[in-house]
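To keep things clear, I will list the structure first and then write my remarks on it.
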Amino acid sequence: MQRILVLGGSGFVGRHVCEKLSQLGGRVTVPTRHPDHGKTVLTLPWVDVVVANVHDEARLGDLVRGHDAVVNLIAILHGNQDAFDHVHVALPRKLARACQAEGVRRVVHVSALGAAASGPSMYQRSKAQGEAALASGGLDLRILRPSVIFGAGDQFMNLFARLQSVFPVMPLAGAGTRFQPVWVEDVAQAIVRLLTDPGAPAVVEAVGPDVFTLRELVRLAGRASGHPRPVFDLPMALGRLQARMMELMPGQPLMSRDNLDSMQVDNIATPGMPDLRVLGIQPAALAAVAPDFLQAGGGDPNLQRRRSAGRF
């Protein structure tokens, strides 16, 4: 294992990726603008945390220099067009130029299931543009497109569990949209395989073994956390009004209108596309894993690592 630069390495997925690379003896660099965020990986052997703004193109070039490969995990779920362009399009474009200048060819880019130039949401369209920006850079590029990712500390199943611990009912827009959630440990393992396997496909979809409607996922989160609540479908017009109100609240919104736009299409595997199985990964079932991280109000990330210890 060589020197790997992991952009977004202190985040939810990044922490798992850094741990696996560290276990393989890889030297990992994790840039962060906020030193406190780096504490999530600072104790891992062979992981170096540096304070840097990766959106500064000159600084990004300095970071890329001396590495053998780059993993890009940086993404946002909420924002306006400028925000999505800044993170999902401009940064990959800068990364492609930096890798070209420094002679670094191997790049693993984590995109999203449903990324498409014609997608109904800004999120999906910007993700597709980011893929195209990297693909045009002459790189040895591998793209991973995950469905929604679950695990200890996620902002999906844990969010629904927390809401049901507070509210007596769950009004839900887009309740019939289908998802194929994937475990964060399987996503992290896939990223490592894409880094280390020269024969890996150029694009791989990361999905779990089961398809759920959003309604079913909310109910599963309620049962697993011990706070099941009635779920009723909210008409999309009312859902957009609800999302607009959430956007106006301080902090990151729980739901945005762009999220609802994404749910106009199902978030499930594309027939004929390579999935985790081509990387030798049998994805874990949500129902088998969810009780471990939902019953204790978010779960113990170390428990998840112990569960996966025999699989990597």
About its Cα centre, how strong a charge dipole does the chain have in debye, to the nearest 20, once Lys and Arg get +1 and Asp and Glu get -1 at the Cβ?
260
Extension gain, residue 62 back to residue 86 (0.36 nm per residue minus Cα-Cα distance, nm)
6.7 nm
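State the extension gain, in nm to one decimal, for the chain segment bounded by residue 252 and residue 165, taking 0.36 nm per residue of separation less the distance between their alpha-carbons. Working shown, then result.
Details: separation 87, 0.36 × 87 = 31.32 nm, distance 1.97 nm.
Gain in length upon complete extension: 29.3 nm.
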Choose one of 69, 86, 123: the residue whose Cα lies farthest towards the positive end of the charge dipole of segment 3-146 (beta-carbon charges +1 Lys, Arg; -1 Asp, Glu; about the Cα centre).
69
Between 0 and 90°, nearest 10: helix 122-135 axis offset from the chain longest Cα axis:
20
Amide H of residue 205 versus every other amide H placed in the peptide plane: which residues, excluding those fewer than 5 positions away on the same chain, fall under 5 Å?
145, 275
Provide 246, 273, 263, 157 in ascending order of the number of other Cβ atoms located within 10 Å of each residue's Cβ, fewest first.
273, 246, 263, 157
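Charges at C-beta only: +1 for Lys and Arg, -1 for Asp and Glu. How large is the resulting dipole of segment 68-118 about its Cα centre, in Debye rounded to 20?
Values: 5 positive and 4 negative charges, 33 e Å.
In total the dipole reaches around 160 debye.
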Tilt, helix 214-225 to longest principal axis of the chain (alpha-carbon atoms), in degrees rounded to tens, equals 90
Straight-line reach check, residue 94, cutoff 26 Å on alpha carbons, 8 or more apart in-chain or any other chain, hits among lysines -> 127
For residue 213, the residues 5 or more places away or on another chain with a placed amide H closer than 5 Å to its own amide H are 179
Roughly how many debye, to the nearest 20, is the charge dipole of segment 3-146 about its Cα centre, given +1 on each Lys and Arg Cβ, -1 on each Asp and Glu Cβ, and no other charges?
240
What 222 nm value per residue comes from the helices of the chain, counting each DSSP H run with n ≥ 4 as -39,500 (n - 2.57) and dividing by all residues, nearest 500 deg cm²/dmol?
-11500 deg cm²/dmol
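What fraction of the Cα pairs in segment 3-146, stated in percent, has a spacing above 17 angstrom?
Value for segment 3-146 (Cα pairs over 17 Å): 57 percent.
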Considering only 58, 152, 188, give the residue with the highest GNM mean-square fluctuation for the chain, with springs between Cα atoms whenever their separation is below 10 Å.
58
In degrees from 0 to 90, rounded to the nearest 10, what is the angle of the helix 236-248 Cα long axis to the longest principal axis of the chain?
60
For a quick size check, give me the Cα extents of the chain along its three principal axes, largest first, whole Å.
55, 42, 41
Count charges around residue 139 for me, please; just the other residues with Cβ under 10 Å from its Cβ, Lys/Arg as +1, Asp/Glu as -1.
+2
Enumerate the amide H contacts of residue 173 below 5 Å, restricted to partners 5 or more residues apart or on another chain; note that Pro and chain-start residues carry no placed amide H.
234
Spelling out what I want: for every residue of segment 57-74, take phi, set θ = phi - 60°, compute 6.51 cos²θ - 1.76 cosθ + 1.60 (Karplus), and round to whole Hz; glycine and proline get x.
4, 5, 5, 4, x, 4, 5, 5, 4, x, 9, 9, 7, 10, 10, 10, 10, 6
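Set the Förster radius R0 to 25 Å, insert the Cβ-Cβ distance between residue 116 and residue 282 as r into 1/(1 + (r/R0)^6), and round the FRET efficiency to 0.05.
Numbers: r = 28 Å, r/R0 = 1.10.
Once the sixth-power term is evaluated, E becomes 0.35.
All of the numbers you see were taken from the coordinates with simple rules; none came from a lab. The structure displayed is predicted, hence computed values, not measured ones. When we count neighbours, we look across all protein chains shown, and the Cβ atoms used for this are built from the backbone with ideal geometry, even at glycine.
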